[in-house]
Amino acid sequence: MSDIFDKLIIVILFVSAYSLLISILNLFSFQRPKPLSPKNNSKVSILIPCRNEETNITECVESLIVQDYENLEILLIDDNSTDNTWNQLKNLAAKFPQVSAFKGTPLPDNWAGKNWACHQLGQKAKGDFFLFIDADTNLAKYSVSSALKHIEDNNLEFITLVPKRKIFNITDYFIWIMVSWFIFSWIPFYLAKKLPFSLFAAGFGQFLFFNKEAYLKIGGHKKISNLVLDDFELARTIKSQGFNSDMLDGTHLIETKGYTSSIDAVDGHAKSIFATFRYNILVFLFAFFGLILLFYVPWLNLISYFFNIELSAHHILISFLSIIFIFLSSLISSKAFSLSIFSSFLYPIAMLVLLFSGYRSFLSSFDGDIKWKGRSTPSTGVKKLYTLIFFPFLVLNWFYRKLRS
């Protein structure tokens with residue numbers, strides 16, 4: 001048993017060291033698009049799916065109207081909203097000549113709602129480039145021009161920009177600390193750009209900029225019709241098919257709104273977490289329990305030492321180094337994603353919040369309990385199996401649902 005524990009803490013040390021090494025290397029690869037105009041004047045279609053976005057869409061469109069790149073069309077689709085979104089879209093189309101709006105058709109079987117809306121937008125778009133953004137996103141005035149310039153200068157078919165997140169509650173703040181850590185401390189950006197491996201690909205739905213021909217060749221949103229995590233899946237698809245892509249620092253160009261309440265934050269992130277693993281139960285469970293070991297075994301070792309539980313000197317040293325490595329990688333990732341440096345001190349709590357959201361994502365994926373904007377997320381349909389295995393967790397899940405109701 002001692003040998004197993006020795007090997008475990010060595011593995012934890014190496015993984016934590018990897019996260020620090022990658023975060024340091026990424027500091028040199030995480031570029032900001034330069035505020036320069038592109039050489040050509042290609043038409044850019046900005047495509048915005050809108051479902052129950054009456055409070056966001058006007059501000060979003062107004063940030064697009066003042067772009068310093070003029071050859072734009074802005075297409076808005078009302079994705080079967082239940083609020084006043086459609087009237088807002090009609091008013092915007094009447095007010096600005098660059099804007100067109102239309103109603104989406106009902107959601108077909110085997111399609112995720114956002115993918116269906118984006119697919120319809122792509123069919124109507126006339127640009128040489130497609131820029132998909134979310135309706136709660138605001139862009140700085142040179143966002144489009146600088147992104148297109150970067151595509152030209154680097155011979156790319158796709159880029160995505162990391163947004164700055166406007167956070168309204170502590171739960172969303174904790175989860176975003178860990179999201180930034182995962183992306184900045186695990187994905188080697190330089191290798192992700194150079195190598196054709198989809199494992200290294202990442203995308204942000206607030207800014208997905210495609211060469212139209214490449215988008216159509218990979219099958220567009222139709223290719224991922226029933227997958228929830230559209231941004232990551234599109235990034236993975238375009239990378240796996242050999243197209244050139246890049247992920248850039250857009251925190252000075254793009255601001256997106258976080259979830260308004262803690263409950264929305266848990267469910268909003270939960271709809272994506274299990275989907276990140278493409279609903280592979282074994283891989284998800286390996287990652288879930290692996291993170292528990294990575295983040296908390298070193299702390300337990302140090303706490304045990306202070307309670308006079310005998311541990312060898314090298315156990316204490318290795319645990320201390322692991323904690324320092326994770327802390328420093330969290331510090332770097334928080335800074336890169338425009339979060340407060342204070343965020344890095346909160347990483348043990350932040351990981352607990354993320355794990356709870358991941359647990360919620362895992363359980364709800366079997367019965368479609370999570371609903372987002374009035375629609376259930378996809379269900380894997382093996383509820384009886386997980387009921388037998390995870391009955392204790394179901395009690396906790398039932399209690400949480402009672403709190404939400």
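Values as computed for the structure displayed
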{"item": "Top-ranked residue of region 49-86 - restricted to ones that are of a type in the set (Asp, Glu) and under 16 Å from LEU131 (Cβ atoms), ranked as farthest from the chain's Cα centre (by Cα)", "result": "GLU70"}
{"item": "Members of region 19-42 found to be without any contact (Cβ under 8 Å) to a residue 60 or more places away in the chain and closer than 18 Å to PHE295 by Cα, listed by number", "result": "LEU21"}
{"item": "Subset of region 198-230 that is of a type in the set (A, V, I, L, M, F, W, C), assigned to a loop (DSSP other than H, G, I, E, B) and touching a Ser or Thr at 6+ places or on another chain (Cβ under 8 Å) - its residue that is surrounded by the most Cβ atoms within 10 Å (Cβ to Cβ)", "result": "PHE207"}
{"item": "Flag if PHE158 is surrounded by fewer than 17 Cβ atoms within 10 Å (Cβ to Cβ) and touching an Asp or Glu at 6+ places or on another chain (Cβ under 9 Å)", "result": "no"}
{"item": "Flag for SER312 being modelled with pLDDT of 90 or more and over 28 Å from ASN169 (Cβ atoms)", "result": "no"}
{"item": "Residue in region 276-286 that is within 14 Å of the chain's Cα centre (by Cα), closer than 25 Å to ILE218 by Cα, buried (at least 19 other Cβ atoms within 10 Å of the Cβ) and of a type outside the set (S, T, N, Q) present", "result": "yes"}
{"item": "Cross-chain or 6+ apart pairs with Cβ under 6 Å, region 167-178 first and on the phi > 0 side of the Ramachandran plot, then among the hydroxyl-bearing types (Ser, Thr, Tyr) and not in a helix (DSSP H, G or I)", "result": "none"}
{"item": "Hey, SER245 among the polar types (S, T, N, Q) and either out of contact with any His (no Cβ under 9 Å at 6 or more places or on another chain) or crowded, with 18+ Cβ neighbours inside 10 Å (or both) or not", "result": "yes"}
{"item": "Of all residues making up region 199-239, the number that are of a type in the set (Gly, Ala, Ser), more than 19 Å from VAL162 (Cβ to Cβ) and touching a Phe, Trp or Tyr at 6+ places or on another chain (Cβ under 8 Å)", "result": "2"}
{"item": "Among residues of region 14-56, those that are within 30 Å of LEU331 (Cβ to Cβ) and among the polar types (S, T, N, Q), counted", "result": "6"}
{"item": "Some residue of region 97-107 being in the same structural domain as ASN211 (by TED's automatic domain parsing), among the aliphatic types (A, V, I, L, M) and closer than 23 Å to ILE224 by Cβ", "result": "yes"}
{"item": "Residues that are within 19 Å of PHE184 (Cβ to Cβ) and at pLDDT below 85, drawn from region 238-275", "result": "SER272"}
{"item": "Members of region 127-156 found to be within 17 Å of GLU62 (Cα to Cα) and acidic (Asp, Glu), listed by number", "result": "ASP134, ASP136"}
{"item": "Helices (runs of 4 or more DSSP H) contained in region 231-341 and holding at least 1 residues in contact with a Lys or Arg (Cβ under 8 Å, 6 or more places away or on another chain)", "result": "262-276"}
{"item": "Residue in region 334-349 that is under 24 Å from ASP230 (Cα atoms) and at pLDDT 90 or above present", "result": "yes"}
{"item": "Check on SER245, in contact with a helix residue (DSSP H, G or I) (Cβ under 7 Å, 6 or more places away or on another chain), in contact (Cβ under 8 Å) with a residue 60 or more places away in the chain and not basic (Lys, Arg)", "result": "yes"}
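The values are calculated or read from the model by the stated rules, or taken from the named source; none is laboratory data. The shown structure was predicted, so the numbers you read here are calculated from the model rather than taken from an experiment. Note that each Cβ is placed from the backbone with ideal geometry, even for glycine, and that neighbours are counted across all protein chains shown.
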